[in-house]
Amino acid sequence: MSYHVLARKYRPKSFSEVVGQEHVLQTLSNALTQNRLHHAYLFTGTRGVGKTTLGRILAKCLNCETGVTAIPCGKCNACISIDAGKFIDLIEIDAASRTKVEDMRDILQNVQYAPNNGRYKIYLIDEVHMLSGHSFNALLKTLEEPPEHVKFFLATTDKQKLPITILSRCLQFNLKNVPVEKIQAQLKNILTQENIPYEDSALLHLAIAAQGSVRDALSLLDQAIAHGANTVKNAAVNSMLGTIEQDQLFKLCEALAQKNTSAIFVIINELSQLAVDFTYVLDELLTLLHRIALLQTVPNCTIASWENLDILKNLTQQFSKEDLQLYYQIGLMGKRDLYLAPSQKIGFEMVMLRMLAFKPESLNNPLIPAERSPVPAVVKPNASQPICNIVAPISSKEKPITIPPIKAEQPDLSFYDELLPHSTPKPKEHVLTTKSSPSTQQNYQTTKPQEIKFETKEEKPLNLHDILPALGVTGPTQALLKHCVINKYDQETIDLLLEPNQAAFLNSKHVERLNQAFSNYLQRPIRVNIEVGKPNLETMANITSRNNEQKQTAAQNSLAEDPYLQKIATAFNGKIIQETTSAI
Ligand SMILES: [Zn+2]
């Protein structure tokens, strides 16, 4: 008897045999039992997830001699010949090899004739996105008004390439990648039927390598059976896939937890001799770190396919949460750059060294001096600020790298830092006054913008710039607010002063929104009054535009002083057109 590849031998013959895709099966079964049939179905999804298989099963459902059914008998002539690929009324077309419009016309010229044997004449067009534009047009005419006895099943891996006119005439089914657990179970099922000995972890590796495609998994299984001389063992599968044994992965992880560099390098050398794919090793390491992190946070969270749970739980004790996050991030970045390394092994070694070179320090570590933030943030007392300090363990005397909290959509105010004297801040004044003095009344303040202090001790100074993100105003209202400064402020009202050139944009809607926003932010009813007048402090819009101007001037100066540009300008008798320059 001739040998059939597993993917063909175990191709599902009914909906119940299909692996995964429950959402599609349910819909199709219901449509069949209720006899609500569409004339065109489109199956989309990556390779090997069952698009054409579903098409063939559906063809049986429609043509089975027992009647239109969700459970075809599998015994009648129609069912048997469809299974054998010999049913005359199921016309399978590979669009990839028949892209021309003449081909499509040939195919469609028989559409109007009644089916020979079956109830319906079915056109199953695979890789339909490969058709030419004219072919799509030819198909479209038939697809619009097909005869009663015709059904179209289209399958594609690339739905984006289909014209919208085709998409809108089809009932669409998006087939998902099949989960690893389901593929593994299917492999197990097949090997049991075939009486072939196997190891569970070997099947897991095959299922992962198949990346959601059942057909790929079965092809890999065929290959593994041949490679392992009629067995599917872990070692053989690992050598076939270039993957790594779980034991070695755990050892690597343990050495990482203990920061044992020499042990790590022994393992890397062993792996290198087995000619493993280090991209895969890094992937596996990241997967393991993810599982450990997950188990640390949610101890009851386990997935059926996770093996060696005891070892995993043991590893959760050996890593700190911060370490896990850092290692994961470094691994992820390392994976991105791995192909740039002189060799995969070198790249992997550097990733491991980088993991050991840095370690996160907790926020409250007294050894880390707090870096002064460019502009002291005035925020709600309970607002949390993410701060991450990273120091190299061997150079604790060196200044640590401190990443200050980042706020979205704020203008760069770092120039304030240069203007401020580097001394301890003055004690807080409790007088209702702006910070401007008579001598600077006509000029803009050069210290912190628009900070106003109040008599109440509990209230922190309200700084428009700092609270803007938390206010939640957007669009024109936010734009208007950026041209305002706070003039006066008490428990119930906020008086804003709007720049005169923005007066035309002021209306009651903005005031209403600001009433709401400030009331929400301060958690009490607030009435906002907006007056038009020249503010004695810089508005946020002023600061941004001044900042941009400074950058632009600096950019233009640097271009003007560039010796190469000067040489070019002299040689070609040219000049720099200032309007075309912009700061970056
Ligand atoms: Zn049948």
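The values are calculated or read from the model by the stated rules, or taken from the named source; none is laboratory data. Treat the numbers as computed from the prediction; the structure is a model and nothing was measured. Cβ atoms come from the backbone with ideal geometry, glycine included; neighbour counts cover every protein chain shown. We work out accessible area using only protein heavy atoms, side chains counted, and drop any ligands, DNA or RNA first. Shrake-Rupley method; radii C 1.70, N 1.55, O 1.52, S 1.80 Å.
Cα gyration tensor of segment 1-133, axes a ≥ b ≥ c as square roots of the eigenvalues: rounded (a/c below 1.5), prolate (a/b > b/c) or oblate? Rounded, since a/c falls under 1.5. Surface composition of segment 127-171: carbon plus sulfur atoms contribute 51% of the solvent-accessible area (1.4 Å probe, protein chains only, all chains present). Take segment 144-257 with all the other protein chains still there, run a 1.4 Å probe, and you get 44 Å² of accessible area per residue.
Could you please state how large a percent of the accessible area of segment 180-241 is carbon and sulfur, counting protein chains only and using a 1.4 Å probe? Let's see the in-between values first.
Numbers: 1250 of 2620 Å².
Taking all protein chains in place, segment 180-241 shows 48 percent carbon and sulfur surface.
Taking all protein chains into account, the per residue accessible area for segment 486-584 stands at 66 Å² (1.4 Å probe). Which of the residue pairs LYS51/LYS151; LYS86/LYS182; LYS313/LYS345; LYS233/LYS335; LYS13/LYS182; LYS251/LYS345 have a Cα-Cα distance greater than 20 Å in the structure shown? Where the Cα-Cα span goes over 20 Å, the pairs concerned are LYS86/LYS182; LYS313/LYS345; LYS233/LYS335.
When peptides 223-230, 118-125 are sorted by average Cβ neighbour count within 10 Å, with the highest value leading, the order is 118-125, 223-230. Considering only the Cα atoms of segment 180-241, their convex hull presents on average a projected area of 3.3 nm². Would you mind checking LYS75/LYS141; LYS482/LYS551; LYS9/LYS176 for any pair whose Cα atoms are more than 28 angstrom apart? Violating the 28 Å Cα-Cα cut-off are LYS75/LYS141.
When nucleic acids and ligands are ignored and a 1.4 Å probe is applied, LEU241 ends up with an accessible area of around 40 Å².
Computed with every protein chain present, the accessible area of LYS182 is close to 80 Å² [probe 1.4 Å]. What does the C-alpha gyration tensor say about the overall shape of segment 246-361? Classify as rounded when a/c is under 1.5, otherwise prolate if a/b is larger than b/c, or oblate. It comes out prolate by the Cα gyration axes.
When peptides 576-584, 209-217 are sorted by average Cβ neighbour count within 10 Å, with the highest value leading, the order is 209-217, 576-584.
What number, in percent, do you get for the relative contact order of segment 6-174 if the mean sequence gap of Cα pairs under 8 Å and at least 6 apart is divided by its residue count? Mind showing how you got there, number by number?
On the way: 256 pairs, mean separation 50.0, N = 169.
Relative contact order of segment 6-174: 30 percent.
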